[in-house]
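What follows is a single structure, written as structure tokens, with notes after it.
FYI, it's all coordinate maths here, none of it is from the lab. What you see is a predicted model, and the numbers here were worked out from it, not measured in a lab. Backbone-built Cβ (ideal geometry, glycine too); neighbour counts: all protein chains shown.
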Amino acid sequence: MAGDAGKRGGRSGAERGVIVQGLWAVFLSTFEKQPDAKRRLVVPQEFRALAAGPFDGVFCFPSIEADCIEGGGKALFDRYVGVIEELPFGDPLRSALETSILGGMAKLSFDPAGRITLPETLCDLFGLTDEVVLVGLGDRFQIWARDAFQAHRAAQRELAREGLAELRAQQRAAKLSGSAG
């Protein structure tokens with residue numbers, strides 16, 4: 001796994017799972033980890049560096065799009081709050097987002113070993129017991145039960161293949177209709 005390679009030192013940021021785009025750094029790669037008996041999980045150093053902000057930790061909450069935990073730094077938190085604030089007070093979507101994101105959010109600080117303690121409720125909700133997978137998704141990351149992620153990744157790869165084939169077909173059709181005129 002890509003995360004296993006991250007244990008070696010002396011490599012550039014891009015090789016460790018961090019790419020800087022302009023002033024933005026992004027969460028990359030996949031890491032398999034084992035929470036301990038107290039639900040403490042070592043967050044990869046690359047992810048810890050990206051989450052740096054007003055406190056030494058990450059914001060985590062139940063993902064809206066999948067059966068996993070979503071997490072990130074203050075920038076991710078601010079992004080979700082911005083989306084929520086665009087909606088008028090009392091709007092049903094705003095209320096749903098506030099309940100799902102803000103109501104489910106946990107502010108998890110890093111201990112001296114770079115671990116966070118996953119909330120018991122989130123572990124129970126997503127079956128996070130033995131093996132978990134941390135997946136970088138650009139401006140955020142997800143924490144999955146290993147078996148659930150394997151199934152999700154397979155479905156996502158199939159969707160990506162189909163979507164890319166459809167996109168290529170549309171591009172070819174546009175190119176042909178443009179050259180025929």
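Which ³J(HN,Hα) values in Hz, rounded to whole numbers, follow from the phi angles of segment 86-94 under the Karplus curve 6.51 cos²θ - 1.76 cosθ + 1.60, where θ = phi - 60° and Gly and Pro get x?
In residue order, the calculated couplings are 6, 8, x, 4, x, 5, x, 5, 4 Hz.
Where does each of 123-136, 162-175, 35-48 land if you order them by average Cβ count within 10 Å, highest first?
Details: 123-136: 18.2, 162-175: 10.0, 35-48: 16.7.
Highest to lowest by the protection proxy: 123-136, 35-48, 162-175.
Taking a cut-off of 17 Å between Cα atoms, list the aspartates and glutamates near Lys74, but don't count ones fewer than 8 places away on the same chain.
Within the straight-line cut-off, Lys74 pairs with Glu46, Asp56, Glu85, Glu98, Asp139.
Hey, any idea what the orientation-averaged projected area of the convex hull of the chain's Cα atoms comes to, in nm²?
Numbers: hull surface 57.4 nm².
Orientation-averaged projected area of the Cα hull: 14.4 nm².
Going by how many other Cβ atoms sit within 10 Å of their own, how do Ile64, Ile69, Ile84 line up, fewest first? Working shown, then result.
On the way: Ile64 12, Ile69 26, Ile84 17.
Going from sparsest to densest Cβ surroundings: Ile64, Ile84, Ile69.
Give the distance, in whole Å, between the Cα centre of segment 86-153 and the Cα centre of segment 24-45.
That distance is 12 Å.
Under a point spin-label approximation (7 Å from Cα along Cα-to-Cβ), what is the Thr121-Thr99 distance to one decimal in nm?
1.3
Could you check how many percent of all C-alpha pairs in segment 19-117 are farther apart than 17 Å?
Tail fraction, whole percent: 57.
What is the distance, in nm, between label points placed 7 Å from the Cα along the Cα-to-Cβ direction at Arg161 and at Glu85?
The modelled label-to-label distance comes out at 4.4 nm.
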